[in-house]
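Written below as structure tokens is the structure these notes are about.
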Amino acid sequence: MFDFEKFVLLPLPFWLITFFIFGTIVGSFLNVCIYRIPRGESIIFPPSHCPNCKYHIPWYLNIPLFTWLFLKGKCANCGKPISIRYFIVEFLTGCMFMLSWLCVGGTSPILALIYSAIISALIVASYIDFEHYIIPDPLTLGGIIAGFILSFLFPILHQTTSQKISLQESAIGIITGAGLLYLISRIGKMAFGKYKYECPPGETIIFSETAIETKDGNLPYDEIFYRSSDKITTLAKSAKLTLIKDDKNINAQNVKIELTPLHLKLDNQIWETPEVKKLEITAKTLVLPREVMGLGDVKLMGAIGAFFGWKSIIFILFTSSLIGSLVGIFLILIGKNELSSRIPYGPYIAIGAILWMFGGYYYVVNWVNHMLRPLIQ
Ligand SMILES: [Zn+2]
């Protein structure tokens with residue numbers, strides 16, 4: 001008979017190496033997910049191929065970490081560079097799986113596996129959020145459902161043996177996580193939902209059909225408008241409007257402009273945005289909308305609450321905003337802080353959640369006990 005209890009007693013290095021190798025294989029699959037999910041492609045078929053020449057990668061070349069090193073980051077067929085992301089994700093996933101075993105494998109092998117699965121989902125969510133500013137629903141809503149079911153099957157997720165308590169913790173976690181983040185996103189939108197762009201003096205700003213064109217570069221509307229209530233406002237010294245239906249220009253001076261995905265207002269005159277071909281203005285500043293936090297982040301936090309309960313939410317909110325601010329300050333210091341219309345928050349939530357799994361829980365519980373002890377005695 002296969003005795004898992006005895007198997008777990010194998011020396012620690014055996015398990016660490018096993019989990020590392022297992023992690024790199026999973027990481028290789030995560031790379032496929034990161035590339036294909038946002039593009040709406042199937043993650044199962046076709047098998048791994050070069051995105052450039054479609055060369056089907058044979059099994060003996062499809063070995064995590066080694067393949068990338070062996071081929072020096074180039075496709076074996078067409079020689080096009082293959083992003084270092086493939087190597088990083090495989091290595092990172094391997095390390096994270098190993099850490100999962102190191103932290104909880106000794107007490108509960110099943111918990112080590114669940115942690116590994118959660119971290120895999122977080123790695124995919126972070127990369128996609130970073131590149132595309134979205135977190136796909138299968139990861140977030142799927143995570144909420146998976147978290148709830150796994151809390152029922154494995155109450156150890158919530159450090160209890162009672163399925164009833166575990167389900168309760170999970171439900172409260174979902175409500176706290178999603179609810180609190182939704183509240184923060186609303187407040188954030190009010191406080192930081194706008195930013196000013198200083199126009200270079202004397203320069204004409206062009207609103208084309210797809211983007212704002214300035215000397216500093218183009219800013220596509222896709223990156224400005226996330227909801228129909230988002231608007232760009234400015235006080236223009238001069239404005240020249242061209243409509244699609246006739247090529248006659250409408251000129252105005254010292255005019256208040258408001259542009260949304262639905263309409264364009266010049267003082268009190270109003271057009272539907274799709275009617276507008278081009279608007280050229282000179283102005284001192286533009287006021288642009290900024291997306292503080294998307295619904296994807298709200299759902300992601302709900303999923304984390306489902307797995308770890310409400311205490312984790314407080315911890316993750318705190319650590320993720322701390323790390324986020326430090327990174328922000330660092331980017332300003334090295335002069336890389338372009339005013340962007342959106343900041344991906346998903347990766348910071350992921351880092352906070354991983355810190356929680358790898359010890360945050362004990363720190364918080366110890367701290368709470370430490371604070372409460374004098375009050376109880
Ligand atoms: Zn190729």
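Every number in this text was worked out from the coordinates using simple rules, so none of it is lab data. Owing to the predicted nature of the structure, the values given are computational and were not obtained by experimental measurement. FYI the Cβ positions are ideal-geometry reconstructions off the backbone, even for glycines, and counts take in every protein chain you see.
Report, in order of residue number, the helices in the chain meeting two criteria: a C-alpha extent of 15 Å or more along the helix axis, and a mean Kyte-Doolittle hydropathy of at least -1.0; treat each whole DSSP H run as one helix.
12-36, 85-100, 109-132, 137-153, 163-192, 295-308, 310-333, 361-376
Take the chain, compute every pairwise Cα distance, and split them into 20 Å bins from 0; I just need the percent in each bin.
Once binned at 20 Å, the Cα pair distances of the chain give 23, 46, 26, 5, 0.
Mind sorting SER312, SER42, SER116, SER83 by how few other Cβ atoms lie within 10 Å of their own Cβ, fewest first?
Taking fewest neighbouring Cβ atoms as first place, the list is SER42, SER83, SER116, SER312.
What FRET efficiency, computed as 1/(1 + (r/R0)^6) with R0 = 51 Å and r the Cβ-Cβ distance, is obtained for LEU295 and ALA76, rounded to the nearest 0.05?
So, using R0 = 51 Å, E works out to roughly 0.80.
Pairs LYS245/LYS265; LYS194/LYS311; LYS231/LYS277; LYS240/LYS265: which exceed 24 Å Cα-Cα?
LYS194/LYS311
I need the shape label for the range 194-289. Rule: rounded when a/c is under 1.5, else prolate if a/b > b/c, else oblate, with a, b, c from the alpha carbon gyration tensor.
Rounded.
Lys/Arg Cβ at +1, Asp/Glu Cβ at -1, dipole of the chain taken about the Cα centre: which of ILE17, LEU180, GLY105 is farthest positive-ward?
LEU180
With r defined as the distance between the Cβ atoms of LEU333 and GLU223 and R0 fixed at 25 Å, what FRET efficiency is calculated, to the nearest 0.05?
According to the calculation, E is roughly 0.55.
If you rank ILE119, ILE172 by fewest surrounding Cβ atoms within 10 Å, what's the result?
ILE172, ILE119
Could you work out the local net charge near LYS231, counting Lys and Arg as +1, Asp and Glu as -1, over the other residues with Cβ closer than 11 Å to its Cβ?
Net local charge, LYS231 excluded: +1.
For the range 163-252, which trypsin sites (Lys or Arg not before Pro) are both in a DSSP coil and crowded by at most 13 other Cβ atoms within 10 Å?
Taking the range 163-252 and a limit of 13 other Cβ atoms within 10 Å, the loop trypsin sites (Lys or Arg not before Pro) found are LYS215, ARG227, LYS245, LYS248.
Tell me the mean residue ellipticity at 222 nm calculated for the chain from its helices only (DSSP H runs of n ≥ 4, each -39500 (n - 2.57), averaged over every residue, nearest 500). The partial results should precede the final answer.
Numbers: 11 runs with 186 residues, N = 377.
Using -39500 (n - 2.57) per qualifying helix, the result is -16500 deg cm²/dmol.
Need the full-extension length gain, THR18 to THR273, defined as separation in residues times 0.36 nm minus the C-alpha distance. One decimal, nm.
Extending this stretch completely gives an extra 86.0 nm.
Efficiency by 1/(1 + (r/R0)^6): what FRET value for TYR60 and GLN163, r their Cβ-Cβ distance, R0 = 51 Å, to the nearest 0.05?
Rounded to the nearest 0.05, the efficiency is 0.65.
For a quick check of your reading of the filter: which chymotrypsin sites (Phe, Trp or Tyr not before Pro) in the range 1-109 sit in a DSSP loop and have no more than 11 other Cβ atoms within 10 Å?
Taking the range 1-109 and a limit of 11 other Cβ atoms within 10 Å, the loop chymotrypsin sites (Phe, Trp or Tyr not before Pro) found are PHE2.
PRE reach from THR233 (point 7 Å along Cα→Cβ): which of the range 189-213 fall under 12 Å by backbone N?
The answer is 194-195.
Rounded, prolate or oblate: which one fits the range 238-279, using the alpha carbon gyration tensor with axes a ≥ b ≥ c (rounded when a/c is under 1.5, else prolate when a/b beats b/c, else oblate)?
Here the range 238-279 falls in the oblate category.
Any idea how far the Cα center of the range 300-320 sits from the one of the range 124-189, in Å?
The range 300-320 and the range 124-189 have Cα centres spaced 7 Å from each other.
Taking square-rooted eigenvalues a ≥ b ≥ c of the alpha carbon gyration tensor, is the range 17-138 rounded, prolate or oblate, where a/c under 1.5 means rounded and, failing that, a/b exceeding b/c means prolate?
It comes out oblate by the Cα gyration axes.
Considering only ILE304, TRP68, HIS370, whose Cα is most displaced toward the positive end of the charge dipole of the chain, charges sitting on Cβ of Lys, Arg (+1) and Asp, Glu (-1)?
About the Cα centre, the residue reaching furthest to the positive side is HIS370.
Would you list VAL365, VAL298 from fewest to most Cβ contacts within 10 Å?
Details: VAL365 12, VAL298 20.
Listing VAL365, VAL298 from fewest to most nearby Cβ atoms yields VAL365, VAL298.
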